1. Test of understanding: among LYS51, LYS17, LYS10, LYS36, which residue is surrounded by fewer than 16 Cβ atoms within 10 Å (Cβ to Cβ) and touching a residue at least 24 places away in the same chain (Cβ under 8 Å)?
2. Would you point out the residue of the range 183-199, among those that are outside any helix (DSSP H, G or I) and of a type in the set (Asp, Glu), that is modelled with the highest pLDDT?
3. Note down all Cβ pairs under 8 Å where the first residue falls in the range 102-121 and is under 16 Å from PHE165 (Cβ atoms), the second is polar (S, T, N, Q) and buried (at least 21 other Cβ atoms within 10 Å of the Cβ), and they're at least six residues apart or on different chains.
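The values are calculated or read from the model by the stated rules, or taken from the named source; none is laboratory data. Not measured: the values here are computed from a predicted model. Reconstructed Cβ throughout: ideal geometry from the backbone, glycine too, with neighbour counts over all protein chains shown.
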Amino acid sequence: MRIDSAVYVKSFTSFKKWDLDPLPAFCFVGRSNVGKSSLINHLTGRKSLVKTSSTPGKTQLINLFLINEAFYFVDLPGYGFASVPLAVKQSWQKMIFGFLQDYPDLRLVFQILDLRHQPSKEDQEFHQAILEAEIPLALIGNKLDKLGQSARAKQAGAIKKALHFEADLLLHSALAKKGKEEILDLVSWCLEDRNEPDLELIEPTSELG
């Protein structure tokens with residue numbers, strides 16, 4: 001797949017405030033500072049489409065981007081940052097899952113993990129909640145440039161085992177410019193209105209698998 005256009009559309013807090021056509025959507029979520037903004041910028045070929053920040057919890061709204069005038073990339077607030085009050089965390093969690101469950105044409109959620117580390121408690125809780133909600137899910141092991149070739153494979157296997165995830169991880173690095181094609185190929189595949197998930201990359205749900 002080639003991305004020819006990528007435009008920021010709006011930011012909002014819930015699908016109830018949506019006033020646009022519900023085109024197919026792909027959501028990106030992960031721990032704060034996992035490299036989500038850089039990943040989306042790399043996928044779209046735009047250096048500053050999504051603003052990057054070193055401040056945990058900077059993304060506080062659901063940010064919408066129109067891709068190729070045909071579908072959306074949705075940047076969801078990060079999770080797992082300690083400096084944000086519990087009430088705010090709970091509010092963001094409600095916002096995230098409210099959107100994921102209410103949006104009528106959600107094709108896939110990309111959960112982004114730091115390939116260097118084992119999944120955190122927050123990673124595991126979010127992962128389990130997504131699967132229980134029967135939302136199609138793919139995992140991205142980000143920052144692969146920080147590990148050698150053998151370490152990448154070993155760590156990817158360890159992450160799959162920790163999350164009881166059967167599908168393969170998509171490995172990515174914005175810095176090394178690797179993994180873009182594989183992720184966009186999966187996006188393209190999901191746009192073809194297939195009735196079955198790609199079992200090599202998407203964790204099957206009880207509804208689809």
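1. Going through LYS51, LYS17, LYS10, LYS36 in turn, just one is surrounded by fewer than 16 Cβ atoms within 10 Å (Cβ to Cβ) and touching a residue at least 24 places away in the same chain (Cβ under 8 Å): LYS10.
2. That would be GLU192.
3. So the pair list comes out as ILE112/ASN142; LEU113/ASN142; ASP114/ASN142; LEU115/ASN142; LEU115/GLN155.
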